[in-house]
Amino acid sequence: MIIAKRPKQFDFQYNLKDFAHMINESFMNSHTHILILPHKTALYRVNPIMKAKKYGVLNIAILFVLFSLNALVNPVAGNGYEIKVRIIGLKDTICYLGNHYGDKQYVRDTVKVDANGWAVFKGKDSLPGGIYLVVMPSKTYFEMVVNEQKFSLETDTNDFIGKMKVTGSLENKLFNDHQRFVIEKAQKSQELKAKLDAAGDNKALADSIREEISSLDKEVKQYRMKIVNDHPKTFMANIIRAMSEPEFPAPQRDEKGNVSDSTYQQKYFNYYKKHFFDNLDFSDERLLRTPIFHGKIKTYLEQLTVPLPDSIIVSVDTIINRARANKEVFKYCVATLANQYETSKIMGYDKVFVHIAERYYLTKEAFWADSTLQAKIHERVEKIKPNILGQKAYNLNMPDTGMKMQSLYGVKAKYTILMFWDPTCGHCKQEMPKLVHFYDSSRAAGLKVEVFAVGIESDIDLWKNYVRDNNLKWINVSDLYNNTGFRNYYDIYSTPVIYLLDEEKRILAKRLDAEKVRDFIHHQEKTKAAQPKTE
């Protein structure tokens, strides 16, 4: 699979972090920072393939199909685009045109900057709408809105936002005016916050300052609503609507200032979650090319959803059902969420991937997935489904070192540690002594723990010698005849792999190291001991 054709990606590192944090904390929600970034923000280019820390079996395949088919790389038919940019303080060099897409940024064009600081980005096909970046060789940048296709911007490297002059673009006039307004209020808020910190125990003064900060918040909201009301058909209005948060009536308080309704917090949360997407236009694919869309999805899943697979599945379906309003948005949501949960490091979240795969890919709702990708996804699902947390583990019948058949279901223990290992594996050799120590100490303490260790080395003598030389007293078996299919049932593609089963052989945890096995069992025992005893 060719992946070199993907556009290059930008990765951000923010300077003035306190400033940005203050802006968001004081009066902006977490999805709006892209509109008010300081003009000296550092920007670094990295390879988009190498940025992710973890890749699942399908990671590259899913995302490559997503990127290669959508408007991230495909131009929009039209009369072309011509964006003229003059940057005082920059000459005889190059600069880049990039765009946001989800939580990443990609290079779209590279042009020369002339002796007068002019750069002209030009193409025969129209640019898809979104928030774009003009990036300097110094890695600093400024943002602009692309909706109109022909306009000009003039600015200065000393102050991109403050000295911006817009010609021929209402969207960018609104965008830049908004940036200036918000930065002005942010600076005032910062000053007030410093006064608040210095107020100490002076409650009256502190309350007064908080009221001023709240007033700034209201001013920003009013300013944004004016843009929406005065220019409702603009993309900028849609951006602002997407950033808005659900508003719930303030709670009633008693004479001491305490909230009188004890259920208010739960009511507020339920309302907030139910209406969280009310102002996010899922039919507007331009929002994919802003950080706002991805940020809202992330917040909904990570802050408004109980972090359990079944709860996440409900939220994922809520998002994807809304995304049906636009084919590109639907494609983005399905592919991105499938990739997110297939590659998640959080144990048990692979169940979410299986759900997405079965409901959207294997039913052929994922119209962009060809037969090859569908086959790969089907294969991956078949390897994950048998070992989802909470399910009963697949029974294994294998001979031990004495050629006596041993059954996993025949193990009588409160906890069964199912381990797949290889005597030639360096990591296995590191984990084995730790597991031996835990096994011996647990059994000595009266805890019914057993290990069902499956050696996958085809050299029988090598396996037996390791078991004997290291005095492994637990149940040692091997698939000598290669007829159990354990690799498929337990998704074994490396070693060691450790599963933890309960007394009924249901999967409690998987892919643990020896220390985490110990910690998990100790936590289970501690939790059970703390539970009240029933008569």
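The values are calculated or read from the model by the stated rules, or taken from the named source; none is laboratory data. What you see is a predicted model, and the numbers here were worked out from it, not measured in a lab. Note that we place each Cβ from the backbone using ideal geometry, even for glycine, and neighbour counts take in every protein chain shown.
If you take just the helices (runs of 4 or more DSSP H) that sit entirely in segment 299-383, which of them hold at least 2 residues that are of a type in the set (Gly, Ala, Ser)? Full working, then the answer.
Details: elements: 309-323, 327-342, 350-356.
Here the list reads 309-323, 327-342.
So which of 245, 143, 219, 171 is touching a Phe, Trp or Tyr at 6+ places or on another chain (Cβ under 9 Å) and part of a loop (DSSP other than H, G, I, E, B)? Can you show your working first?
Details: 143 fails: part of a loop (DSSP other than H, G, I, E, B); 219 fails: part of a loop (DSSP other than H, G, I, E, B); 171 fails: part of a loop (DSSP other than H, G, I, E, B).
After ruling out the rest, the residue left standing is 245.
Does residue 145 qualify as being farther than 22 Å from residue 294 by Cα, β-branched (Val, Ile, Thr) and at pLDDT 95 or above? Can you show your working first?
On the way: farther than 22 Å from residue 294 by Cα: no; β-branched (Val, Ile, Thr): yes; at pLDDT 95 or above: yes.
So residue 145 does not fit the description; no.
For residues that are surrounded by fewer than 18 Cβ atoms within 10 Å (Cβ to Cβ) and touching a helix residue (DSSP H, G or I) at 6+ places or on another chain (Cβ under 9 Å), tally how many sit in segment 349-367. Let's see the steps before the verdict.
Of segment 349-367, the ones surrounded by fewer than 18 Cβ atoms within 10 Å (Cβ to Cβ) are 358-359, 362-365, 367.
Filter once more, so that each one left must be touching a helix residue (DSSP H, G or I) at 6+ places or on another chain (Cβ under 9 Å): 358-359, 362, 364-365, 367.
So the count comes out to 6.
Mind listing whichever residues of segment 126-147 are more than 27 Å from the chain's Cα centre (by Cα) and over 15 Å from residue 287 (Cα atoms)?
If we filter segment 126-147 for residues that are more than 27 Å from the chain's Cα centre (by Cα), which is where we start, we get 126, 136-138, 147.
The answer is 126, 136, 137, 138.
Restricting to segment 222-253, name every residue that is charged (D, E, K, R) and touching a residue at least 24 places away in the same chain (Cβ under 8 Å). Lay out the reasoning, then the answer.
Taking segment 222-253 and keeping what is charged (D, E, K, R), we get 224, 226, 230, 233, 241, 245, 247, 253.
Within segment 222-253, 224, 241, 245 meet the criteria.
Pairs under 8 Å by beta carbon, first residue in the same structural domain as residue 494 (by TED's automatic domain parsing) in segment 410-433, partner assigned to a helix (DSSP H, G or I) and hydroxyl-bearing (Ser, Thr, Tyr), six or more apart or different chains?
417/439; 423/466
Take the residues of segment 165-179 that are free of Cβ contacts under 8 Å to residues at least 40 places away in the same chain and among the charged types (D, E, K, R): which is surrounded by the fewest Cβ atoms within 10 Å (Cβ to Cβ)? Let's see the steps before the verdict.
Step one: list which residues in segment 165-179 are free of Cβ contacts under 8 Å to residues at least 40 places away in the same chain, which gives 165-169, 172-173, 176-177.
Still in the list and also among the charged types (D, E, K, R): 165, 173, 177.
On the way: 165: 12, 173: 18, 177: 15.
Only one residue fits best here, namely 165.
Look at residue 475 and say whether it is at pLDDT 95 or above and out of contact with any Cys (no Cβ under 7 Å at 6 or more places or on another chain). Talk me through it step by step, then tell me what you get.
Working: at pLDDT 95 or above: yes; out of contact with any Cys (no Cβ under 7 Å at 6 or more places or on another chain): yes.
Criteria met by residue 475.
Residues 360, 409: which one is over 26 Å from residue 483 (Cα atoms), more than 16 Å from the chain's Cα centre (by Cα) and aromatic (Phe, Trp, Tyr)?
Numbers: 409 fails: over 26 Å from residue 483 (Cα atoms).
After applying the criteria, what remains is 360.
How many residues does segment 440-476 contain that are aliphatic (A, V, I, L, M) and in a loop (DSSP other than H, G, I, E, B)? Please lay out each step first, then the result.
Here is the first cut: in segment 440-476, the residues aliphatic (A, V, I, L, M) are 444-445, 447, 449, 451, 453-454, 456, 460, 462, 467, 472, 475.
If we keep only those that are in a loop (DSSP other than H, G, I, E, B) too, we end up with 445, 447, 456, 472.
Number of matching residues: 4.
Could you list, in sequence order, the residues of segment 88-136 that are outside any strand (DSSP E or B), touching a residue at least 40 places away in the same chain (Cβ under 8 Å) and farther than 19 Å from residue 329 by Cβ? Reasoning before the result, please.
So the first thing to find is which residues in segment 88-136 are outside any strand (DSSP E or B), and the list is 89-92, 102-103, 114-117, 124-125, 127-129, 136.
Those left that are additionally touching a residue at least 40 places away in the same chain (Cβ under 8 Å): 89-90, 102-103, 124-125, 127-129, 136.
89, 90, 124, 125, 136 - these are the residues of segment 88-136 that are outside any strand (DSSP E or B), touching a residue at least 40 places away in the same chain (Cβ under 8 Å) and farther than 19 Å from residue 329 by Cβ.
So residue 270 ticks every box in (1) assigned to a loop (DSSP other than H, G, I, E, B); (2) out of contact with any Phe, Trp or Tyr (no Cβ under 8 Å at 6 or more places or on another chain) but one. Which box is left unticked?
Only one criterion is unmet by residue 270, namely (1).
Return a yes/no flag: does segment 207-226 have any residue that is outside the structural domain of residue 148 (by TED's automatic domain parsing), exposed (fewer than 12 other Cβ atoms within 10 Å of the Cβ), modelled with pLDDT of 95 or more and not polar (S, T, N, Q). Steps first, answer last, please.
First, the residues of segment 207-226 that are outside the structural domain of residue 148 (by TED's automatic domain parsing): none.
The answer is no; no qualifying residue exists.
How many of the residues making up segment 319-345 are surrounded by fewer than 19 Cβ atoms within 10 Å (Cβ to Cβ) and small (Gly, Ala, Ser)?
Qualifying residue count, segment 319-345: 2.
Counting only residues that are in a loop (DSSP other than H, G, I, E, B), within 13 Å of residue 85 (Cα to Cα) and among the aliphatic types (A, V, I, L, M), how many does segment 146-168 have?
The total comes to 1.
Can you tell me which residue is surrounded by the fewest Cβ atoms within 10 Å (Cβ to Cβ) among those in segment 424-451 that are more than 20 Å from residue 511 (Cβ to Cβ) and either in contact with a Gly (Cβ under 9 Å, 6 or more places away or on another chain) or hydroxyl-bearing (Ser, Thr, Tyr) (or both)?
By that ranking, first place goes to 441.
Filtering segment 365-401 down to residues that are within 21 Å of residue 512 (Cα to Cα) and of a type in the set (Gly, Ala, Ser), which residue is farthest from the chain's Cα centre (by Cα)?
393
What's the number of the condition residue 533 fails, among (1) among the charged types (D, E, K, R); (2) in a loop (DSSP other than H, G, I, E, B); (3) surrounded by fewer than 15 Cβ atoms within 10 Å (Cβ to Cβ); (4) touching a residue at least 60 places away in the same chain (Cβ under 8 Å)?
(4)
When segment 250-284 is examined, which residues are found to be of a type in the set (Asp, Glu) and either surrounded by 12 or more Cβ atoms within 10 Å (Cβ to Cβ) or farther than 20 Å from residue 318 by Cβ (or both)?
Selection gives 254, 255, 261, 281, 284.
Limited to segment 113-156, what total is found for residues that are of a type in the set (Val, Ile, Thr) and surrounded by fewer than 20 Cβ atoms within 10 Å (Cβ to Cβ)? First the steps, then the outcome.
Looking only at segment 113-156, we keep the residues that are of a type in the set (Val, Ile, Thr), and these are 113, 120, 131, 134-135, 140, 145-146, 155.
Imposing the further condition that a residue be surrounded by fewer than 20 Cβ atoms within 10 Å (Cβ to Cβ) reduces the set to 120, 140.
So the answer is 2.
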